[in-house]
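**Student:** Structure incoming, see below.
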């Protein structure tokens, strides 16, 4: 683990609001704190440089070190002290399970503290009695991956026996029940249940986490007939039921609901995946809201990460006169260091500049702690040579994964939380150890735009898409112009609509990235800061949601691509994701539309036909992930395609959602025509306008030659016109 690290309770805050900082330090000495304003987070010595300005603040001090622990792995933990005492001399645990790594090691399924049901280290159904040992059902054999079983463990302390049973259970197959009884004498215990866990064992802390799905865990205060335990549904009216958790209830929540008489509801820890196919899923209904009984399972993982729940070490209350911008709280302990990035928004309802930059923190969180395949010696050497941020998620998976990774059981990571250290959000962090440019994305790449605004003398406010989600268009509606970052990929319905409403109200929107407005996500209804992504049906993706699991658990809506939700990005900003390649940038070539009087002012003072054949992001302004105009998907008929990229490498491929066959696509165009970035301008009926660049690497060209280049000049022309209050004329054809 890192010698010192931390996280804040929020990524964005307004003046007058508190920011809680939660630190874990393994040192015995105090650590020091310094607040800075981040101007540029690019450590590349060939660029503007990593620039932070120290800020006087009352938090600048030393603090005592303390270690704060956490663990990965999801489970249910129920406090049962309010339940009646056991009245019979036997206890039975029974449930349906769908193991995904049955031979990975000891895994708990249900644990009452003195009787537990699980899978042993060899993949057999097992049970254990406190003080009486562990028993394994070897007669059934090893459990298979991704098969449903009904399992039970019963302990009769009068007869001093343990009974284990297992049967195959699916919608199409009912396997023979195998059960075995084991002597368990001499256990000195007066059974009393004070807590119950599902998907782990208690010793006394949670451990031995289960990988796979669990459905209908139930506890009976009696010995249960084996045939009933193996083949029938739980009868919640049975007076012997101690607890019967029904995971089909309150699927959107972090609560496991007990449908039994004692109402032993319990919290879920570390956000296991809900709205997944259960043992009775028929395939007749794809939306869990329409058939919740078929989605009565929860998928637990031994590497799930939710809210670490560290205690607060100090609080920064943002002064009322604090300037909006990007800030960092830097921690140092001897030679060790870390940083907590955050954004200060302007006071609610007040704009302090003509320009608003919407920072895509939803995308940052979705990518948070991305363990990349190309992490290794080259990355470490580049970080050392540039004195960059020294830590990578690739070396520290103990802080949880990103939704671009797989769980240890091979399933895709669908949830991401900001309530933990997110190492790749740190200023100075590198993504790619490539020879061309800085190799930055997300937080660090977006500071190329912030550094450009600072260099050009523009005042600007920052808000994040979390404010858009919570507050809607009111957050940005008064700004003459709004700028996106380089990669605003992930949006909720609320944040997407805020941009659409801003445009409809006459705003001037600059989309300065690529692969934007692509995936639909959901925010946890009880814990904002935890996000959900379902990678449904299509799109460029590193994993795919299972059939029948395309609907978000958090809000119940269909997930996946915004295009599949009838809101393609072309409708919003004129261009949409069309191609991805390696992290190399090419250039734009001006099109005849650049001379149209409606937009020729964008090129005032620029004689070059070739634009952006330089830059810190892959060496060019048009690269890596690029967007094109497409009327079929909603590019407005009045849109001008000012310039288009060319010269992309053979690594670039068209997005799969447009492919009909290997040789045919939805646009009915030659394949090479799909691989381009379009620079687009159009006016809106309300007197506003949209300017889109359709490339992730565009902003990386702004700092070139000390910000003196044709991409910089072009964007200055756009910004200067967009902050001019004169309305745009919608063309009449």
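The values are calculated or read from the model by the stated rules, or taken from the named source; none is laboratory data. Since the model is a prediction, treat every value here as computed from it, not as a measurement. Using ideal geometry, Cβ is built from the backbone for each residue, glycine included, and neighbour counts are taken over all protein chains shown.
**Student:** Take the residues in segment 435-473 that are touching a helix residue (DSSP H, G or I) at 6+ places or on another chain (Cβ under 8 Å) and assigned to a strand (DSSP E or B), then tell me which one is surrounded by the fewest Cβ atoms within 10 Å (Cβ to Cβ).
**Tutor:** Of everything passing the filter in segment 435-473, 460 is surrounded by the fewest Cβ atoms within 10 Å (Cβ to Cβ).
**Student:** Let me ask something else. With modelled with pLDDT of 95 or more and in a loop (DSSP other than H, G, I, E, B) as the only criterion, which of 343, 364, 375, 389 stands out?
**Tutor:** Working: 343 fails: in a loop (DSSP other than H, G, I, E, B); 364 fails: in a loop (DSSP other than H, G, I, E, B); 375 fails: modelled with pLDDT of 95 or more.
None of the others qualify; the one that does is 389.
**Student:** Quick check: anything in segment 593-601 over 22 Å from residue 638 (Cβ atoms), assigned to a loop (DSSP other than H, G, I, E, B) and either touching a helix residue (DSSP H, G or I) at 6+ places or on another chain (Cβ under 9 Å) or outside the structural domain of residue 701 (by TED's automatic domain parsing) (or both)?
**Tutor:** No.
**Student:** Something else: Which members of segment 711-733 meet the condition of being in contact (Cβ under 8 Å) with a residue 12 or more places away in the chain, over 21 Å from residue 459 (Cβ atoms) and surrounded by fewer than 24 Cβ atoms within 10 Å (Cβ to Cβ)?
**Tutor:** Matches in segment 711-733: 727, 728, 729, 730, 731, 733.
**Student:** Going through segment 705-726 one residue at a time, which ones are out of contact with any helix residue (DSSP H, G or I) (no Cβ under 7 Å at 6 or more places or on another chain) and under 19 Å from residue 626 (Cβ atoms)?
**Tutor:** 710, 715, listed by residue number.
**Student:** I've got another one for you. Would you tally the residues in segment 79-105 being assigned to a strand (DSSP E or B) and either outside the structural domain of residue 135 (by TED's automatic domain parsing) or closer than 21 Å to residue 277 by Cα (or both)? Give the steps one after another, and end with the answer.
**Tutor:** To start, the set of residues in segment 79-105 that are assigned to a strand (DSSP E or B) comprises 79, 90-99.
Then keep just the ones that are either outside the structural domain of residue 135 (by TED's automatic domain parsing) or closer than 21 Å to residue 277 by Cα (or both); that gives 94-99.
Counting residues in segment 79-105 that are assigned to a strand (DSSP E or B) and either outside the structural domain of residue 135 (by TED's automatic domain parsing) or closer than 21 Å to residue 277 by Cα (or both) gives 6.
**Student:** Keeping to segment 549-605, report how many residues are in contact (Cβ under 8 Å) with a residue 12 or more places away in the chain, farther than 30 Å from residue 709 by Cβ and within 23 Å of the chain's Cα centre (by Cα).
**Tutor:** Looking only at that region, the number is 19.
**Student:** Output yes when any residue across segment 74-84 is over 32 Å from the mean Cα position of the chain (by Cα) and crowded, with 18+ Cβ neighbours inside 10 Å, and no when none is.
**Tutor:** yes
**Student:** Answer with yes or no whether residue 270 is on the phi > 0 side of the Ramachandran plot and touching a residue at least 40 places away in the same chain (Cβ under 8 Å). Explain how you work it out, then say what you get.
**Tutor:** On the way: on the phi > 0 side of the Ramachandran plot: yes; touching a residue at least 40 places away in the same chain (Cβ under 8 Å): yes.
Considered against the rule, which asks whether it is on the phi > 0 side of the Ramachandran plot and touching a residue at least 40 places away in the same chain (Cβ under 8 Å), residue 270 comes out as yes.
**Student:** Just checking, which of 556, 514 is farther than 26 Å from residue 421 by Cβ and buried (at least 19 other Cβ atoms within 10 Å of the Cβ)? Give the derivation first.
**Tutor:** Details: 556 fails: buried (at least 19 other Cβ atoms within 10 Å of the Cβ).
Checking each option against the conditions leaves just 514.
**Student:** Exactly one of (1) in a loop (DSSP other than H, G, I, E, B); (2) surrounded by 15 or more Cβ atoms within 10 Å (Cβ to Cβ) is unmet by residue 108. Its number?
**Tutor:** The single condition residue 108 does not satisfy is (1).
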